[in-house]
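The values are calculated or read from the model by the stated rules, or taken from the named source; none is laboratory data. What you see is a predicted model, and the numbers here were worked out from it, not measured in a lab. Cβ placement follows ideal geometry from the backbone for every residue including glycine, while neighbour counts extend to all protein chains displayed.
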Amino acid sequence: MWEIALRKQLRHGASRFELDVHFASDAQRVVLHGPSGAGKTQTLRMISGIVTPDAGRLTVAGRVLFDSEAGVSLSPQERRLAYVFQDYALFPHLTVRQNIAFAASKGWRNPSRSSANARVDAWIERFHLQALVDHFPHQISGGQRQRTALARALVNEPAALLLDEPFAALDRHLREQLRQELLELQTQLRLPMLLITHDDEDMAELAEQVVHLAAGRVGGDAPDSATARRPLAARVGAAPATPAPMPPSAAAPAIPG
């Protein structure tokens, strides 16, 4: 399902940060966990194709998306991986319908506000956005923006779903509601999902496998506090991640992500 072995040297001013992420998992739902600056977001960006690794190999759902030795480096569009950003990254000048339709359209032209598209309509209905189709992002709530971002990500039937802290800006009640909706949706679609989160409840409810990232390297499973709250993962018996060796004890400079 997920075979990830990627390396990247990151520079931030005079500081350098080496990202060396190795793990493999057959789990449908993998949570990438770790402190701020561990390299989680940069890892997701390498998987999506937004950032090109210096070296390594990436396979998702049986497809080789990147292989530095073989000269394979598929574009983000060719990878067919949906990416939901932490801030949702909705286009502020487009309506809810246009934001979703943009992902389903070819080229870079803005969709018409009245354009008809059966797939777009289906996802609008799936996320209960019918009353908001003509609203702009600044006119809707955080939960509604999250639903719009998810609909936009899924409208093209991606091969896998990448989510960067998708519930971070939401209150507890809405977080619980959207977490359950996402779990039901992923289960129905059987869509591989890789999720970044700091939240123990997100891990307990969503993770079949938790991969812990620290200082740019995989360091085993989640902390005990999170693992203890994952009875579902224990019952599923998800395949363990294959960790890379831990780095020397010297602290690496923090790079956002």
Of the residues in segment 29-49, those that are modelled with pLDDT under 95 and assigned to a loop (DSSP other than H, G, I, E, B) come to Gly34, Pro35, Ser36, Gly37, Ala38, Gly39
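Check segment 51-61 and report whether any residue there is under 23 Å from Ala103 (Cα atoms), in contact with a helix residue (DSSP H, G or I) (Cβ under 9 Å, 6 or more places away or on another chain) and assigned to a loop (DSSP other than H, G, I, E, B). Steps first, answer last, please.
Of the residues in segment 51-61, the ones under 23 Å from Ala103 (Cα atoms) are 51-52, 60-61.
Subsequent filtering for residues that are in contact with a helix residue (DSSP H, G or I) (Cβ under 9 Å, 6 or more places away or on another chain) retains 51-52, 60.
Remaining after also requiring assigned to a loop (DSSP other than H, G, I, E, B): 51-52.
Checked against the condition, which is being under 23 Å from Ala103 (Cα atoms), in contact with a helix residue (DSSP H, G or I) (Cβ under 9 Å, 6 or more places away or on another chain) and assigned to a loop (DSSP other than H, G, I, E, B), segment 51-61 yields at least one hit.
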Tell me whether segment 65-83 contains one or more residues that are in the same structural domain as Thr197 (by TED's automatic domain parsing), under 23 Å from Gly219 (Cβ atoms) and surrounded by fewer than 21 Cβ atoms within 10 Å (Cβ to Cβ).
no
Taking segment 196-241 and the residues there that are part of a loop (DSSP other than H, G, I, E, B) and in contact with a helix residue (DSSP H, G or I) (Cβ under 7 Å, 6 or more places away or on another chain), the one that is modelled with the lowest pLDDT would be Arg229
Taking the condition of a type in the set (Asp, Glu) and surrounded by fewer than 15 Cβ atoms within 10 Å (Cβ to Cβ), does Glu165 pass?
no
Right, Val31: under 12 Å from Leu194 (Cα atoms) and either in contact with a helix residue (DSSP H, G or I) (Cβ under 6 Å, 6 or more places away or on another chain) or among the basic types (Lys, Arg) (or both) or not?
yes
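For the structure I just gave you, tell me whether Phe91 is touching a residue at least 40 places away in the same chain (Cβ under 8 Å), of a type in the set (Phe, Trp, Tyr), surrounded by fewer than 16 Cβ atoms within 10 Å (Cβ to Cβ) and not in a strand (DSSP E or B). It would help to see each step written out before you state the result.
On the way: touching a residue at least 40 places away in the same chain (Cβ under 8 Å): yes; of a type in the set (Phe, Trp, Tyr): yes; surrounded by fewer than 16 Cβ atoms within 10 Å (Cβ to Cβ): yes; not in a strand (DSSP E or B): yes.
Here the answer is yes, as Phe91 does meet what is asked.
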